[in-house]
Amino acid sequence: MKKLAAISLLILLLFNFVGYRLLFYAMQKQADRELVTKLDNAVYDESELITITVPLTLPYLTNWKDFERTDGEIKLDGKIYHYVKQKVYEGQLILMCLPDEQKMHLENAKDDFFKLANELLSNSSSSKKSGNNTVVMKLVISDYDKLQTASTFLYSNHSTTPFPDYSTISLPVGKDFTPEQPPEA
């Protein structure tokens with residue numbers, strides 16, 4: 001009886017460490033496959049699509065006549081959007097996106113489970129102090145999201161120049177950088 005209790009507690013501990021992440025990962029991948037299948041078969045409402053435009057600073061761009069089917073996702077204002085179509089027109093990338101409600105629901109469920117499993121929500125007076133710690137703890141323990149980092153970089157409001165300005169670069173000076181006669185062969 002003690003062995004059975006020890007084994008069940010060990011399984012519960014392992015599930016708490018990595019099992020729920022694997023479970024939610026598998027559920028999210030399944031939801032992604034279902035959504036991509038639905039988008040490939042064009043089984044979605046066109047009125048739900050939102051438009052995101054991104055300025056492109058590439059030379060020799062040509063305008064596309066029609067939209068092309070694409071895959072990908074972006075997280076804006078806490079909502080997850082899945083790319084459906086894309087088009088380049090007048091120096092801008094136009095993305096038609098569909099809100100991914102199922103993936104947002106799974107993300108919220110994963111966050112709620114994380115809070116419950118790690119007892120980050122408490123009714124004691126220390127909950128006000130641990131409010132900031134929950135965000136730090138979640139960032140430390142949660143998975144790294146490459147797509148979100150790439151999309152944050154892609155859609156940031158930083159102005160960039162298409163070509164670097166070399167007029168302000170100066171040559172290095174010093175005793176190690178003095179010009180000298182090349183050796184004779």
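Starting with the highest mean, order 92-99, 47-54, 69-76 by the number of other Cβ atoms within 10 Å, averaged over the residues of each peptide.
Details: 92-99: 18.0, 47-54: 11.5, 69-76: 15.1.
Final packing ranking: 92-99, 69-76, 47-54.
Grab the Cα-Cα distance for E34 and T70, subtract it from 0.36 nm times how many residues apart they are, and report the gain in nm with one decimal.
Values: separation 36, 0.36 × 36 = 12.96 nm, distance 1.53 nm.
Separation in residues times 0.36 nm, less the Cα-Cα distance, equals 11.4 nm.
Each principal axis of the Cα cloud of segment 56-112 was evaluated for its coordinate range; sorted largest first, these ranges are 48, 20, 13 Å. The length gained on full extension between H105 and L9, counted as 0.36 nm times the residue separation minus their Cα-Cα distance, comes to 31.7 nm. Quick one: Debye curve from the C-alpha atoms of segment 14-57, no solvent, what's log10 I(q)/I(0) at q = 0.24, 0.25 Å⁻¹? So the normalised log intensities work out to -0.85, -0.87. With each label modelled as a point 7 angstrom along the Cα→C-beta vector, the M27-N41 pair spans 2.4 nm.
None of the figures in this text is laboratory data; all of them are computed from the coordinates on show. Keep in mind it's a predicted model, so treat the numbers as computed, not measured. Here Cβ is always computed from backbone atoms with ideal geometry, including for glycine, and neighbour counts include all displayed protein chains.
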